[in-house]
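The values are calculated or read from the model by the stated rules, or taken from the named source; none is laboratory data. Just so it is clear, the model here is predicted, and its values are computed rather than measured. Quick reminder, even Gly has a Cβ in these numbers, built from the backbone with ideal geometry, and neighbours come from all protein chains shown. Surface areas here come from the heavy atoms of the whole protein model, side chains and all, with no ligands, DNA or RNA. Shrake-Rupley method; radii C 1.70, N 1.55, O 1.52, S 1.80 Å.
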Amino acid sequence: MAAARCSSVVLMLLLTCCCSAASAADEKLTHLHFYFHEVNAGAPNATVVNVASLHKNTSTFGDLNVFDNALREGPDPAASRLIGRAQGIGVHASLDESGGLTAINFVFSDYGEFSGSTLATMGHFTVSGPSERSIVGGTGKLRFARGYMTSKLLSSTDTSIVVVFDMYFTLAD
């Protein structure tokens, strides 16, 4: 009797695993590729400001920045179409100033089927190289999005930066 009960439990676990694997295999991976254009504070039309800094020295640890940056199809702001905004916060959370934490809502205003939708992201960014962060949700056509994004600094001047983003996610049915 105990062996039959044990076999039933094992069979149920196998069926559950198979059904979960089948539904995961059915999910379509979506890839978005675009560019983030930030204009530094102090420059005309700044899109980022430092709202809190506890230091009178050169350290940035603990600084809090708020931003509303343009999202464009290409790296050249003059020659590429505006597709939305990246609105969020960045906290310098590394004592060695190598990175920090970001929470960003990507708001798509003119991006085909995703116009009017958002993606919510959170995670650690690194100053010295590519960063990978979590996609934790979305709204509109991107509701229940889950996945990850990568970002890499493409160019930097005294007044602006351009970052390339690649997002990979699935949507719940």
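Within the group ASP68, ASP96, ASP76, ASP63, which residue is out of contact with any Cys (no Cβ under 7 Å at 6 or more places or on another chain), closer than 23 Å to PHE169 by Cβ, without any contact (Cβ under 8 Å) to a residue 60 or more places away in the chain and among the charged types (D, E, K, R)?
Result of the check over ASP68, ASP96, ASP76, ASP63: ASP68.
Please go through region 140-156 and pick out each residue that is over 27 Å from ALA41 (Cβ atoms) and in a strand (DSSP E or B).
ARG146, GLY147, TYR148
Could you tell me whether any residue of region 139-159 is modelled with pLDDT of 95 or more, farther than 17 Å from THR30 by Cα, under 15 Å from the mean Cα position of the chain (by Cα) and basic (Lys, Arg)?
Yes, some residue in region 139-159 is modelled with pLDDT of 95 or more, farther than 17 Å from THR30 by Cα, under 15 Å from the mean Cα position of the chain (by Cα) and basic (Lys, Arg).
Among the residues of region 63-77, write down those that are under 17 Å from ALA93 (Cβ atoms) and either crowded, with 19+ Cβ neighbours inside 10 Å or more than 21 Å from the chain's Cα centre (by Cα) (or both).
Of everything in region 63-77, those that are under 17 Å from ALA93 (Cβ atoms) and either crowded, with 19+ Cβ neighbours inside 10 Å or more than 21 Å from the chain's Cα centre (by Cα) (or both) turn out to be ASN65, PHE67.
Name the one entry in ASP173, ASP96 that is over 20 Å from HIS33 (Cβ atoms) and either touching a helix residue (DSSP H, G or I) at 6+ places or on another chain (Cβ under 9 Å) or crowded, with 17+ Cβ neighbours inside 10 Å (or both).
The match here is ASP173.
Restricting the search to region 26-41, which residues are within 14 Å of VAL66 (Cα to Cα) and modelled with pLDDT under 95?
ASN40, ALA41
Search region 117-132 for residues being farther than 16 Å from LEU171 by Cα and more than 11 Å from the chain's Cα centre (by Cα), and hand back the single one that is most open to solvent (accessible area, probe 1.4 Å).
Checked region 117-132; the qualifying residue most open to solvent (accessible area, probe 1.4 Å) is SER128.
When you scan region 67-78, do you find a residue that is at pLDDT below 95 and within 19 Å of THR150 (Cβ to Cβ), even just one?
no
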